Structures are given as structure tokens and as C-alpha cells.
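Student: To start, I am sharing the structure in question, which I have written as C-alpha cells.
Every read-out reported here was derived from the displayed coordinates using simple, explicitly stated rules and does not represent laboratory data. Since the structure is predicted, the reported quantities are computational estimates derived from the model, not experimental observations. Note that we place each Cβ from the backbone using ideal geometry, even for glycine, and neighbour counts take in every protein chain shown.
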Amino acid sequence: MRFHHSLLALALTWTVTAQAQPTAEDIVARSLEAFYYAGEDQRARVTMRLINPQGKERQREMTLLRKNFGGGGEQRYYTYFHEPDDIKGTAFMVWKYPAREDDRWIFIPAIQLVRRIAADDKRSSFVGSDFTYEDVSGREVADETHSLRGEETLAGRPVYRIESIPKTKVDYARRVSWIDRQRFLPLKEEYYDVRGERLRTFNADEVQEVNGYWTVTRRTMRDAQSGHRTEVAYDEVEYNVGVTEDLFSERYLRRPPQRWVR
């Protein structure tokens with residue numbers, strides 16, 4: 001998520017609007033903040049399972065590092081892959097900025113190459129999964145037009161139902177989100193094409209409180225067209241652990257910081 005104004009300004013706006021009916025933009029901004037910005041930094045050990053319609057499974061093991069910079073929405077992300085052997089040593093990095101395109105790089109160990117990921121590739125698959133690069137590091141509120149379509153209950157939780165329409169042509173025409181009214185985490189998202197057919201479905205399968213922050217510790221993205229799905233488990237999650245700025249560099253793409261990716 002990249003804000004056109006600071007998170008502080010959004011928080012102040014929310015304080016005012018919370019007394020009345022919040023706008024769809026308020027809800028989406030708050031949701032992206034809760035999902036992508038919890039704490040000053042984060043370290044997580046992540047297991048990703050890629051499962052085809054016949055039940056055949058491939059697995060990835062990775063370490064995710066994230067650090068926030070100031071209150072304006074700038075962030076850094078670093079992901080290191082431990083398994084399987086064919087992608088071991090691959091590292092992915094994002095520099096996320098407010099109000100402009102993010103910078104993304106990937107290190108491919110087999111050819112010892114750091115490759116920059118073009119801005120128009122952000123909707124492509126993240127290491128063969130059903131998640132995109134943008135799903136990993138977030139989007140910008142202003143990229144879509146948001147409408148509040150109602151309030152309902154999902155899995156026993158009161159939720160807002162939000163419809164979001166991209167302002168420019170992307171791989172989906174409409175997105176519907178069910179956002180927890182108290183924790184502001186997205187509990188479900190559905191992506192549709194121009195014909196109204198569902199493309200992908202995201203589900204928050206498990207939510208836990210970690211170091212005082214509500215966290216989606218298990219999540220699934222399902223491709224409705226192929227039947228393929230990706231299940232992600234955050235097996236270890238820590239916040240405010242002192243992740244340093246220097247980790248987010250080409251040096252550590254090529255040579256992982258052992259203290260953090262053990």
C-alpha cells in the first residue's frame with residue numbers, strides 16, 4: 001500500500017469519520033494498514049504449499065523480513081527461499097514508496113543474476129504461486145474506486161463488504177472484499193473478470209494475535225479457473241525485532257543475512 005498522504009492523516013480522518021458511517025476509502029486504507037503495516041518491522045518463517053486440482057503438492061519454505069520507514073507508507077520487504085533445492089537461495093526484495101511505483105528485484109542463484117521486476121509485472125505470479133507480487137507487498141488505495149456495499153457476518157465476524165474497481169486496466173475488472181469491522185483484516189476477497197466470472201478467491205483461514213497485532217497466520221489463494229490453490233502458513237511471526245535498513249540491498253540479495261534467515 002502506498003498512501004498519497006501520511007498514515008497519521010488517515011488515522012485522524014478515521015477518528016472523525018468513525019463517529020459516523022466510515023467511507024469505503026477509510027475502510028480499505030485501514031485494512032491495508034492492518035494487513036501490511038503492523039509493527040515497525042516483522043520477521044516471519046513462512047511455508048507455502050502449491051496444490052493442483054489433482055492434489056499434487058509442491059512446497060516452498062521462506063523467511064520474510066519487512067521494515068516500515070516513517071509514517072508515509074514507505075516500506076522495504078526481503079524474502080529468502082530455503083526450499084526446495086531448485087529455488088534455494090532465491091531472494092526477492094521490494095522498496096515500496098508512497099504515490100509512485102514500487103521497485104522490485106529478484107536474485108536468481110542459478111545464474112548469479114539480480115533482475116529488476118518491471119512495474120507492469122507486479123500482477124504476475126509470485127514464484128509460481130496463485131499470489132501475485134502485488135499481493136505480497138500490497139497495493140495503493142487510490143489505484144481503485146471503492147464502494148461500501150453493506151455490512152454482514154462472515155465466519156461469525158461482523159464485516160464490511162467493499163467493491164473495488166481498478167482505475168486502469170489490470171488482470172481483473174472487479175474485486176469484492178469482506179473486511180473485519182473490528183480488526184480491519186481482510187477475511188475474504190474475490191476477483192472477477194469483465195464477464196463477471198470469478199478469477200481468484202483469497203481466504204484468511206486463521207487469525208491470531210501476535211505481539212499485540214492481529215495477524216492472518218494462515219491464508220489461501222484459489223484460482224477459480226484452473227482449480228489450483230496456494231496455502232500459506234506463517235509458522236513463526238515476530239514484530240518489532242530490530243530489522244535494520246542495510247538488509248534491503250543488492251549485497252544481501254546475493255548473500256543472505258544469516259542472523260535473520262536462519
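Student: In whole angstrom, note down how far apart the Cα centers of the stretch 149-228 and the stretch 46-77 are.
Tutor: Spelled out, the Cα-based centre of one part sits 17 Å from the other.
Student: Also: Counting other Cβ atoms within 10 Å, keep those with at most 16, restrict to DSSP loop, and tell me which trypsin sites (Lys or Arg not before Pro) in the stretch 58-101 are left.
Tutor: Here the sparse-neighbourhood loop sites are Lys88, Arg100.
Student: Still on this structure: I want to check a number: in the chain, how many lysine pairs have alpha carbons closer than 30 Å, given a sequence separation of 8 or more or different chains?
Tutor: Close lysine pairs found across the chain: 19.
Student: For the stretch 96-177, what's the radius of gyration and Dmax over Cα atoms, in angstrom?
Tutor: 16.2, 51
Student: Identify, among Gly156, Val127, Ala142, the residue whose Cα sits farthest towards the positive end of the charge dipole of the stretch 116-163, taking +1 on the Cβ of Lys and Arg and -1 on the Cβ of Asp and Glu, with the dipole about the Cα centre.
Tutor: Positive-most Cα among the choices belongs to Gly156.
Student: Using unit Cβ charges (K, R positive; D, E negative) and no other charged atoms, how large, in debye to the nearest 20, is the dipole of the chain about its Cα centre?
Tutor: Details: 42 positive and 42 negative charges, 79 e Å.
For the chain, the charge dipole is close to 380 debye.
Student: Further question on the same structure: If you work out Kirkwood radius over Cα pairs in Å from the coordinates, which of (i) 19.7; (ii) 19.0; (iii) 20.3 do you get?
Tutor: (ii)
Student: Now a separate question. What do you get for GluC sites (Glu not before Pro) in the stretch 93-143 restricted to DSSP loop and a cutoff of at most 15 other Cβ within 10 Å of the site's Cβ? Working shown, then result.
Tutor: Working: sites: Glu101, Glu134, Glu140; in loops: Glu101, Glu140.
Counting only loop positions with at most 15 other Cβ atoms within 10 Å, the GluC sites (Glu not before Pro) in the stretch 93-143 are Glu101.
Student: Using 0.36 nm times the number of residues separating Thr244 and Ala118, minus their current alpha carbon distance, what extension gain do you get?
Tutor: This chain segment gains 42.8 nm when fully extended.
Student: If you take the charge dipole of the stretch 7-261 about its Cα centre, with +1 on Lys and Arg Cβ and -1 on Asp and Glu Cβ, which of Ala118, Gln21, Val232 is farthest toward its positive end?
Tutor: Ala118
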